[in-house]
Structure formats: C-alpha cells, structure tokens
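Worksheet for the structure shown next.
The values are calculated or read from the model by the stated rules, or taken from the named source; none is laboratory data. The structure displayed is predicted, hence computed values, not measured ones. Counting neighbours? That spans all protein chains shown, and the Cβs are built from the backbone with ideal geometry, glycine included. We work out accessible area using only protein heavy atoms, side chains counted, and drop any ligands, DNA or RNA first. Shrake-Rupley method; radii C 1.70, N 1.55, O 1.52, S 1.80 Å.
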Amino acid sequence: MNEVYLNGEFLAADKAQVSVFDRGFLLGDGVYEVIPVYAGVCFQLAGHLTRLQVSLDGVRMANPYTISQWQDIIEQLVERNGGGDQSVYLQVTRGVAPRDHVFPTNTTPTAFVMSNALHPVPEKYKTQGIAAITLQDIRWQNCNIKAITLLPNSLLKQQAQDAGAQEALLIRDGYLTEGAASNAYAVIDGTIYTAPKDEKVLPGITREVVIELAEKNNIPLVEQAVTEQQLQQADELWVSSSTKEVLPITILNGNKVGAGVPGVVWQQMDTLYQDYKKSGG
Ligand code: PDD
C-alpha cells in the first residue's frame with residue numbers, strides 16, 4: 001500500500017481522509033500539479049512548483065508551503081514509496097468551510113500529495129502513433145490555471161475514447177488550442193507550431209522542454225496557433241504531457257496525418273527528449 005501526504009503527515013493511502021465540507025469536494029475549489037519522477041528523481045520540479053504558485057495566485061489562494069518545503073515533502077514521499085519511476089500528484093484546495101460561493105476567511109488550505117507507479121507509454125503509441133479527434137474547446141477562459149475542476153476536460157477525453165481515439169484536439173474560434181490533457185503541436189513544412197502561452201492553454205512543463213530542445217538543436221519552432229484547416233493538412237501532429245511525454249498523432253478524425261506514420265521531426269524530438277530525460281533534465 002502506498003503512502004500519501006495529507007496536511008502535515010505521511011500516512012497509508014487508505015487512512016487519509018478529507019472532510020465532506022472541503023471546498024475541493026463541494027466546489028472544485030483547488031489547483032493541482034502532476035510531476036513525473038524518473039529513477040527516484042523529480043523531473044523539472046522547479047518548473048512545476050513555479051506553475052503551482054501561478055495557479056494559486058490565479059485563484060487567490062495562499063501557498064501553504066515554500067518551494068523548499070514542497071520539495072522536501074515530495075522527495076520524502078517518493079522515497080517512502082520506493083523511488084523508481086513515479087507520477088506525483090499534488091493538490092491544494094481552499095480548505096474546509098460551510099458551503100458558500102464566497103471565499104471563507106481564515107481557512108487552512110488542504111494540501112494533499114500522492115504518488116503512483118509511472119507506467120511507460122505503450123510502445124505502439126510510439127511506433128504507430130495515436131488517434132485523435134477534433135472537438136470544440138468547451139472549457140472556461142482561464143485554461144492557464146491548472147484547476148482541479150476538470151469536468152469539461154473529462155467529457156472531452158471521454159468523447160475521444162468513445163470514438164476510439166486517445167486524445168481530443170480542441171478548437172476555439174477556429175484555432176487549435178491544445179489537447180484535453182496535453183499541449184498540441186503541428187509540423188508544417190519542417191516548422192513546429194504550438195499555441196502561444198495565454199489564458200487559452202496550460203503552460204505545459206513538457207512544452208517548455210520541447211521548445212528548449214528545438215531551440216538548442218535549430219529545429220524551427222514558432223509559438224503560434226494553427227487554424228483548423230492547417231491542422232487537417234499538417235505533415236505531423238503531436239501532443240505532450242508529463243505522463244505521456246511527446247507522442248505522435250497519426251490518425252485525425254479517421255484520416256491519416258501526413259503519411260500515417262510517426263514523422264521525422266517527431267522522431268528527432270523524441271530522441272532529444274529521451275536523451276534529456278536520461279541526463280536528468
Ligand atoms: N495534464 N494541457 C492540459 C489541459 C493538461 O491537462 C496537461 C497535463 C498539459 C501538459 O502539461 P505538462 O506538460 O505540464 O504535464 C497541457 C496532466 C498530466 C494531468 O492532468 O494529468
């Protein structure tokens with residue numbers, strides 16, 4: 001049985017309990033992070049903790065811990081759960097209070113961290129690519145905040161699954177924003193396009209790594225959103241996230257993307273990404 005961290009203590013997962021009056025439970029009033037761990041070491045921890053602060057600021061919640069306290073809690077939990085490859089999930093809610101839309105005063109936030117084994121991405125997703133469908137982006141106007149309120153994302157991802165696809169690519173005002181649980185990229189004539197950082201997309205940590213690797217290796221990349229039409233005609237499409245890394249989409253809405261196999265630019269990026277991971281990031 002894995003251990004979890006809840007409000008100051010480490011305890012067995014089945015012993016951790018939160019009040020039914022927690023605002024995370026009643027109102028979805030909280031933010032979260034997902035951090036991959038390779039060989040016992042957190043990948044891009046500083047980036048994740050910086051983004052956590054931005055999310056907390058975005059919902060006007062105080063951070064219960066300093067960066068080094070978070071680091072300490074997360075590293076301890078990873079060690080207690082046996083090191084290796086893990087996926088750390090952390091969540092902060094506004095805490096326990098009588099149900100009211102208006103923020104409570106003087107409430108202690110609920111801080112929860114769990115970690116689970118990080119399963120490697122199925123090999124066939126890399127050799128054959130994944131399937132995606134396009135859907136209208138029905139989410140709110142603050143997608144840059146990593147809020148626990150994931151009902152739209154969940155509905156979209158389920159719709160993709162029902163259609164036999166692994167991800168939904170989201171369209172807002174005619175432009176590709178991102179995936180239901182990933183950032184998205186189109187490769188057109190050798191240039192990688194990904195939507196710019198604004199309130200329409202989550203500033204993905206994996207996305208930052210992709211941008212850095214493209215820059216260092218002279219692969220043209222622009223932070224510019226593509227239209228739905230460009231998306232349909234792209235040579236390559238990819239998605240990225242902390243748990244799935246960078247994956248090629250080879251089927252979009254039932255049609256082949258490019259030649260219908262993982263593209264050459266993706267191959268190059270995946271090699272760079274794997275090397276970067278091995279070097280400790
Ligand atoms: N999701 N965009 C959305 C909407 C996401 O949910 C995620 C990741 C990303 C990629 O961000 P990053 O590279 O920092 O993981 C982009 C996580 C993994 C999740 O909700 O489980």
Exercise. If you project the alpha carbons of the chain onto their three principal axes, what span does each projection cover, largest first, in Å?
Worked result: 55, 40, 33
For this session: Could you run the Debye sum over the Cα atoms of region 225-281, one equal point scatterer each and no solvent, and tell me log10 of I(q)/I(0) at q = 0.19, 0.27 Å⁻¹, two decimals?
Result: -0.71, -1.10
For this session: Take peptides 8-20, 244-256, 58-70 and line them up by average Cβ neighbours within 10 Å, highest first, as a rough protection proxy.
Result: 244-256, 58-70, 8-20
Problem set entry | For region 127-258, projected area of the alpha-carbon convex hull averaged over all directions, nm² | 7.5
Exercise. When the accessible area of the chain is computed with all protein chains present and a 1.4 Å probe, what percentage of it is carbon and sulfur?
Worked result: 51
For this session: Please work out the Kirkwood hydrodynamic radius for region 105-166, using every pair of different C-alpha atoms, and report it in angstroms with one decimal place.
Result: 15.2
Seminar exercise, completed: Simple SL model, points at 7 angstrom along Cα→Cβ for ASP173 and VAL41; separation in nm is 4.2
Problem set entry | Calculated from backbone phi, Karplus (6.51, -1.76, 1.60) coupling profile of region 133-146 in Hz, x at Gly/Pro | 10, 8, 9, 5, 6, 8, 7, 6, 9, 10, 5, 6, 8, 8
For this session: Under a cut-off of 18 Å between alpha-carbon atoms, report the aspartates and glutamates in cross-link reach of LYS216, not counting same-chain residues fewer than 8 places apart.
Result: GLU208, ASP270, ASP275
Problem set entry | Computed P(r) (all Cα pairs; region 40-87; 10 Å bins; percent) | 25, 48, 23, 4
Seminar exercise, completed: If the label point sits 7 Å along Cα→Cβ of ASN2, residues of region 115-146 with amide N under 19 Å come out as 115-122
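So, R0 is 35 Å and r is the distance between the beta-carbons of ILE138 and PHE10; what FRET efficiency does that work out to, to 0.05?
On the way: r = 38 Å, r/R0 = 1.09.
Step by step, r from the Cβ atoms, then E = 0.35.
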Seminar exercise, completed: Amide H neighbours of ILE249 at under 5 Å, excluding residues fewer than 5 places away on the same chain, with H built from the backbone geometry, are ILE130, LEU237, TRP238, VAL239
Problem set entry | Per residue solvent-accessible surface (Å²) - region 135-281, probe of 1.4 Å | 46
Seminar exercise, completed: Over the chain, the sum of -39500 (n - 2.57) across DSSP H runs of at least four, divided by residue number and rounded to 500 deg cm²/dmol, gives at 222 nm -9000 deg cm²/dmol
For this session: Take each of the peptides 261-274, 218-231, average the number of other beta-carbon atoms within 10 Å over its residues, and list them starting from the highest.
Result: 261-274, 218-231
Exercise. What is the helix-to-structure angle for 205-216, meaning the angle in degrees between its Cα long axis and the longest Cα principal axis of the chain, kept from 0 to 90 and rounded to the nearest 10?
Worked result: 40
Exercise. Using the alpha-carbon centroid of each, what span in Å lies between region 191-266 and region 131-169?
Worked result: 17
Exercise. Based on Cα positions only, what radius of gyration and what Dmax would you give for region 1-158, in angstroms?
Worked result: 16.9, 53
Problem set entry | Principal-axis tilt of helix 45-58 within the chain, Cα atoms, nearest 10 degrees | 70
